[in-house]
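**Q** Mind having a look at this structure? Questions to follow.
The values are calculated or read from the model by the stated rules, or taken from the named source; none is laboratory data. This structure is a prediction, so every number in the text was calculated from the model and none was measured. Note that each Cβ is placed from the backbone with ideal geometry, even for glycine, and that neighbours are counted across all protein chains shown.
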């Protein structure tokens, strides 16, 4: 405390009288984090007033009903029945298709729901249950998971990240916290559309923080939990793997280090999968639920490589599912590879964050069965890197928002979409908060203004106009192509950046040796 | 200005998100006024009884509703339909009305801008944070539904002119405010005394001329507002609608003021005397309704008439009026006006809990002046914000109101402690050389923390802890222990507890005004 206060006085002149948020930061990181976190929770609570996906839309409803149904199933059936199709568990109606940790979480939340409102989770009769209290309780489970998992993890990350950067400006730290906690896409999808991404992403952030503070075993444990909550977290796996491997290879006893990490991972997995380990059949049944290959290589209009290029090449028609699997696997791995090699060769904290972004990007672009909502995964490391790459963060956030816009339109979440995007822009451009911000303009400003204008116009067109009858999804496709082009550019940029980092560090090393 | 806009825009985002939340019957009240002013000629505005929510605001507000109804008609004609629009709750009307409140807040924005533009930037930022992000305004205007931000904006504009010494313009805006909402009239004695002494007290001829000009301005404003109704010969009906004294001493939910204690005392006395064997009749009339002349709602204590409350308010105001008469200074006017509203809140007839906004918002401008004021404000704004909690009784808004109050408390704590440890540190830092600055500061800031820092006193602290206990009791323990029995007890508890706090604040303000130096 004293130290920070002292520095504050020294910095006083630099900050100047125009700094709007100096009162926020003078008590240290914890106090400003508390304040921003309460504000972020308030925004989330306000978003949760709005409709959820599939509200009043039988027979299948939407993600909200899926989560509620999982609570119903896990609460009323024994563990072994959860993933099995039976008379009591109709797998075709929102069958559980996430790893067991999600099932346990559903069970816990189900207990909470049953305590206050038993009808909302009773077996069979609660299908498509919609009520004031039911919605409220479900919303509160997301709010509380956010507050209990994501927020502490971000706090841990901020501490770990800024410990390594003692020259960081206090207002910048506050800005960084606000950018991570008020990430518009995450808030809209979790608290508007209804999902529990905050848990898996929170566990991932915790793992990243553990890596940054050199607690590799904790990192392995947390990341395995994240993987077991949502299989999509595997988008980050190459980065974790390569960074930890690279680090271990530099230790005295590389084999022992790798062995330790592997044991922690295996142990965590065994713990989570325990009820399904008694027979190969039970195990493979769960596994097959997690990888729904029969759903095709892409769905809807996701702004990734397969879907965007399908305008020209009809992948689904040319190839069988089997060969598409191989194709997408090959493409994903080969695009991950440069960033992995870099991290094995020269692991660094900075490079690790870029690696997370790069591997998430290549999975989003090339892997099998990607959903629009998966853009949350590249977004997370981008927001962690916000201080390094403010422009990248702005660009990816705006286009990620745009890429989920059709989805949110269907959920009737346009109003929160506008409000939360405006909030993001306001926080990004907080007046005089970050005078020494260096925007790395990879495009000239004329080009960016044009693009922003284009996307605003496209938003308006999408909401107000009917597409021509021959091409009912014309506007969706246009949005997809625009977002895809931007994501591609950003992915190239971040890959290049990761390799440039190494060059810079080599140069620094050489200079040190020379002196 | 652009910085202020930033704060305002952040709060606007939040207000937009809150559009689908719960709204009270005030929403339908204002919708009915839109319909009424749109579809009826002016001569019937104050006579219409299509809906139970008859027009009971002064004419300028009715004109304001008439103005809004033009746009409402363009958006959805059903909003302004007197019959078909009754209890209309489609998205169009909700968005329209909510957005008019959000837009009309720009009046508050301008008021805050005018009042703070000459302050130094630190204080300015604090005031913005306190007023523009006020949780009470969000709760009352953007959840419960009213136009207080707009009306308070006019009050702030008026105060800003007075502080600049432009008394005539300040008086004009106050007259305008009175024609928007007559509840603001509680501060009229203060305005009158102040304007008379500060503006008109300068020689006989010049003073008389100024008095005439001021009078002419006020009369002109009132003539514009009430003129058409005088022309139609309806002024009595208008006044009857505006001052419904038949409504009883207290509102349905007792505002935390002096009368709560009066009622409790009466109940307690009756209870004890009955135990002692006296035959005490249980009064049939209630505090919250019934006609005045009928029967006394009190068993023992004398009945309270509107005139008695009026006298009480004036009596409570008198020290402030004397001060304003003897030493009329522009720097004190905001404090006096807030004091007047506090008196009106404590002793007034049929006071709404929402009226606490009238003194908490302007008090923010006083709070940044000194450490004691900041402490008092910190405490008062938490208490009065908490007293608004019963307005939002549905479960959906529970996290929102709690988070709003929590955020406000954290922000106040951060802001005030930043301001008041800051000054000390800066002075200390100026004295010592740069080299050993770090070392010395450690000691200095420690001492500064203990002596001058922003610390809440023991009594205040335990009171705030008590607030938490009251909340836990009324929200969780009471339903758990008593179930549905005695449903009025939690509300009564909140009223009494917050009433204590506001009484304390009143005494604090009174003491401050009496002790303030005579310049």
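**Q** So if I check each of A:119, A:130, which one is over 24 Å from the mean Cα position of the chain (by Cα), more than 14 Å from every other protein chain (Cβ to nearest Cβ), part of a helix (DSSP H, G or I) and surrounded by fewer than 23 Cβ atoms within 10 Å (Cβ to Cβ)?
**A** Of the residues listed, the single one that is over 24 Å from the mean Cα position of the chain (by Cα), more than 14 Å from every other protein chain (Cβ to nearest Cβ), part of a helix (DSSP H, G or I) and surrounded by fewer than 23 Cβ atoms within 10 Å (Cβ to Cβ) is A:119.
**Q** Can you tell me which of (1) assigned to a helix (DSSP H, G or I); (2) farther than 27 Å from residue B:156 by Cα is the one residue B:108 doesn't meet?
**A** Failed condition: (2).
**Q** Moving on to the next point. Of all residues in the range A:301-341, how many are under 23 Å from the mean Cα position of the chain (by Cα) and surrounded by 13 or more Cβ atoms within 10 Å (Cβ to Cβ)?
**A** Of the residues in that region, 19 qualify.
**Q** Looking at A:451, A:501, A:490, A:458, which one is surrounded by 15 or more Cβ atoms within 10 Å (Cβ to Cβ), over 23 Å from the mean Cα position of the chain (by Cα) and within 16 Å of residue A:357 (Cα to Cα)?
**A** Exactly one of A:451, A:501, A:490, A:458 is surrounded by 15 or more Cβ atoms within 10 Å (Cβ to Cβ), over 23 Å from the mean Cα position of the chain (by Cα) and within 16 Å of residue A:357 (Cα to Cα), namely A:501.
**Q** Also: Count, please, the residues in the range B:70-96 that happen to be surrounded by fewer than 21 Cβ atoms within 10 Å (Cβ to Cβ) and either closer than 22 Å to residue B:126 by Cα or in contact (Cβ under 8 Å) with a residue 60 or more places away in the chain (or both).
**A** Qualifying residue count, the range B:70-96: 2.
**Q** Let me ask you something else. Which residue, of A:353, A:326, is more than 23 Å from residue A:484 (Cβ to Cβ) and outside any loop (DSSP other than H, G, I, E, B)?
**A** Being more than 23 Å from residue A:484 (Cβ to Cβ) and outside any loop (DSSP other than H, G, I, E, B) holds for just one of A:353, A:326, which is A:353.
**Q** Can you tell me which residue among B:383, B:368, B:402 is buried (at least 21 other Cβ atoms within 10 Å of the Cβ) and under 27 Å from residue B:145 (Cβ atoms)?
**A** Matching residue, one of B:383, B:368, B:402: B:383.
**Q** Sort through B:304, B:263 and tell me the only one that's modelled with pLDDT of 85 or more, closer than 26 Å to residue B:510 by Cβ and surrounded by 14 or more Cβ atoms within 10 Å (Cβ to Cβ).
**A** B:263
**Q** Out of (1) away from every other protein chain (no Cβ under 14 Å); (2) surrounded by 15 or more Cβ atoms within 10 Å (Cβ to Cβ), the odd one out for residue B:49 is which?
**A** (2)
**Q** Being under 19 Å from residue B:123 (Cα atoms) and away from every other protein chain (no Cβ under 14 Å) is the filter here, so list the residues in the range B:381-413 that pass it.
**A** Once the filter is applied, which keeps residues that are under 19 Å from residue B:123 (Cα atoms) and away from every other protein chain (no Cβ under 14 Å), the range B:381-413 yields only B:381.
**Q** Output the residue which, of all residues in the range B:1-31 that are surrounded by fewer than 17 Cβ atoms within 10 Å (Cβ to Cβ) and assigned to a loop (DSSP other than H, G, I, E, B), is nearest to the other protein chains (Cβ to nearest Cβ).
**A** Here the residue is B:1.
**Q** Still on this structure: Filter the range A:210-269 for residues that are surrounded by 15 or more Cβ atoms within 10 Å (Cβ to Cβ) and outside any helix (DSSP H, G or I) and give the result.
**A** A:213, A:215, A:230
**Q** Being away from chain A (no Cβ under 14 Å) and either more than 24 Å from residue B:82 (Cα to Cα) or surrounded by 21 or more Cβ atoms within 10 Å (Cβ to Cβ) (or both) is the requirement here; does residue B:34 meet it?
**A** yes
**Q** Quick one: which of A:25, A:43 is within 22 Å of the chain's Cα centre (by Cα), surrounded by 21 or more Cβ atoms within 10 Å (Cβ to Cβ) and either at the interface with chain B (Cβ under 8 Å from one of its Cβ atoms) or farther than 25 Å from residue B:139 by Cβ (or both)?
**A** Checking each option against the conditions leaves just A:43.
**Q** Moving on to the next point. Among the numbered criteria (1) under 14 Å from residue B:97 (Cβ atoms); (2) touching a helix residue (DSSP H, G or I) at 6+ places or on another chain (Cβ under 9 Å), which one does residue B:32 miss?
**A** (2)
**Q** Still on this structure: So, in the range B:151-195, how many residues would count as being touching a helix residue (DSSP H, G or I) at 6+ places or on another chain (Cβ under 8 Å) and free of Cβ contacts under 8 Å to residues at least 60 places away in the same chain?
**A** The total comes to 20.
**Q** Considering each of A:357, A:329 in turn, give the residue that is in contact (Cβ under 8 Å) with a residue 12 or more places away in the chain, over 19 Å from residue A:178 (Cα atoms) and out of contact with any helix residue (DSSP H, G or I) (no Cβ under 8 Å at 6 or more places or on another chain).
**A** A:329
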